[in-house]
1. Which members of segment 124-162 meet the condition of being in contact with a helix residue (DSSP H, G or I) (Cβ under 8 Å, 6 or more places away or on another chain), within 30 Å of residue 254 (Cα to Cα) and within 16 Å of the ligand (Cβ to nearest atom)?
2. Of the conditions (1) over 29 Å from the mean Cα position of the chain (by Cα); (2) in a helix (DSSP H, G or I); (3) surrounded by 13 or more Cβ atoms within 10 Å (Cβ to Cβ), residue 121 fails just one. Which one is it?
3. When both residues are 6+ apart or on different chains and their Cβ atoms are under 7 Å apart, which pairs have a first residue that lies in segment 126-142 and is free of Cβ contacts under 8 Å to residues at least 12 places away in the same chain and over 22 Å from residue 80 (Cα atoms), and a second that is within 8 Å of the ligand (Cβ to nearest atom) and assigned to a loop (DSSP other than H, G, I, E, B)?
4. Just to be sure, is residue 229 without any contact (Cβ under 8 Å) to a residue 24 or more places away in the chain and surrounded by fewer than 17 Cβ atoms within 10 Å (Cβ to Cβ)?
5. Tell me whether segment 281-296 contains one or more residues that are modelled with pLDDT of 95 or more, out of contact with any strand residue (DSSP E or B) (no Cβ under 8 Å at 6 or more places or on another chain), part of a helix (DSSP H, G or I) and at negative phi.
6. Just one of the numbered conditions (1) farther than 27 Å from residue 149 by Cβ; (2) modelled with pLDDT under 95 is not true of residue 76; which one?
7. When the residues of segment 177-192 are narrowed to those that are under 19 Å from residue 167 (Cβ atoms) and touching a helix residue (DSSP H, G or I) at 6+ places or on another chain (Cβ under 9 Å), which ends up modelled with the lowest pLDDT?
Ligand SMILES: [Zn+2]
C-alpha cells in the first residue's frame, strides 16, 4: 500500500487533502491522472449499465434531501456505528471493525450492539492503542453529517449530507416510471458522492468520510418470484463480469453470498464482491434484495402513492427492489493496486501501471525522438490529429528512455515516436507498454489502430490486423 500511496503522489493520481495546511484527516484529492482514471471507470460503468441497456434509466439527484426522507428511510433513527471507548487509554473504536480486523469480516457482519460487546469480551480482543481489553458498552452513533439550510440561524432547517445515493432514486421512483414510461422490471442508476461520519476511516482511500458510489435500484414485481430470482442471479453475474472487464485479476476477487435461503427469506439475501487488499479482504460492491421497505416508508411519510399498475394485467403493487451498489472510490483504488507491477526491461528495473487500455488515464503519448524542428513538427501534427478522439500527451523533454518510463508509471498503453525514418517513409514507432515491444506503422493509420486497440481492450496489435500491410 505504501508504494501505491507514494506513486499516487509522485505521478499525480491522488494527493493528501489540504496538504499545505498540514492535511485534513482522511481527505484525499484526485490529481490529473487520478481524476481521469476515476472518470474512465465511471464512464465504463455508465456505458455497461445505462447506455447499453434498455431497462435502466439514469438520474442525478441532490445531495441534500428533505430531512423527512431520512426519517422515512430509517437513517435518522438507526444509521449507526457501534462505538466503544477503551477505559484504559480513552481510544474510541468501532466494535465491529475491531472484530473484523481480528477475526475476519464474517464474524462482524450484521451483529447487534450486545453481540459485538460479547464477542470482544469472549475473544479477549485488545485495544489497538494500548493493548488492554477493557471497553465501555457498545453504543449507537449516528453516522450522518448534519448541516443547516438557510441563512438565519433561528429559522434554518437541519439538513443532512446523504449517506447513500439510493434514497434519491426511491423518492424519484414515480417521476421516472411515469414520465419516462418505464415498465417493470426496470432500474434507475445514479453515480455521486455520499458522506458518512465514520469513526475509524483509513487504509488510504478505502474508507473515507466522503466517497463516491455507483448505485442501481432495480424494481421488480413482488409476486413474480421466478423473475426476482432470475434478476438476482443476473445481477451477480453482470457485477462479477464488470470487474473482470475492468481488467482486475480474477484471483484477487472473491464472491461471497451471505445467505442462501428460501425465496421467502430473500430479504436477508446479499451477495458481495470483495478484493484482496494489502490489509485483507474488503468489500467492493454488494447486491442486496431490499424488498419493498424503502418505497413503503416513503409512501407512508410523504402521503404519496408509490404503487405501480401493470399496464397489461392492471395488477397494482408496491415494487420490490434489488440493489447492486458499487463503490467508485474503492474501484479506483483497486485499479491502482491491481495495475502496480515491478518488472525488468533490458536489465533495468521499472515500475509499470498495467491498466487495461479502456481505463488507462492517458491512451497514448507522442514523442519526437529528439528536439529537432523537423521531428517536432511531425510529432505535433500527429498530436493535433489525434487529440479530439483520445486523451493523449506530447512530450519532448529528456532522453527517450526516460520518457517511456514516465508513461509506464502512469500506465499509458501506447507510445508513438517520430524519428528520422518518419521523414523518409511516413512510418512511426508504436511501442506497447507491458512488453515494451515496438513496431512500425504508417502515421496515417494511427487513429484507426488506436481506436481498434482501445475498443478491443488490447495491449498489442496482432500480426494480421487489417492495416498491418504497412508493417516493416
Ligand atoms: Zn486502549
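1. 125, 128, listed by residue number.
2. (3)
3. Going by the 7 Å Cβ cut-off, the qualifying pairs are 126/132.
4. Details: without any contact (Cβ under 8 Å) to a residue 24 or more places away in the chain: no; surrounded by fewer than 17 Cβ atoms within 10 Å (Cβ to Cβ): yes.
No; evaluated as a whole, the condition is false for this residue.
5. yes
6. Here residue 76 meets the rest and fails (1).
7. 182
The rows are residues; the columns are (1) closer than 24 Å to residue 448 by Cα; (2) in contact with a helix residue (DSSP H, G or I) (Cβ under 9 Å, 6 or more places away or on another chain); (3) in contact (Cβ under 8 Å) with a residue 60 or more places away in the chain.
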{"residue": "337", "(1), (2), (3)": "no, yes, yes"}
{"residue": "347", "(1), (2), (3)": "no, no, no"}
{"residue": "356", "(1), (2), (3)": "yes, yes, yes"}
{"residue": "373", "(1), (2), (3)": "no, no, no"}
{"residue": "405", "(1), (2), (3)": "no, no, no"}
{"residue": "412", "(1), (2), (3)": "yes, yes, no"}
{"residue": "419", "(1), (2), (3)": "yes, yes, no"}
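The values are calculated or read from the model by the stated rules, or taken from the named source; none is laboratory data. The structure presented is a predicted model; accordingly, all values stated were derived computationally and were not measured. Ideal geometry is used to build each Cβ from the backbone, glycine not excepted, and the neighbour counts take in all protein chains shown.
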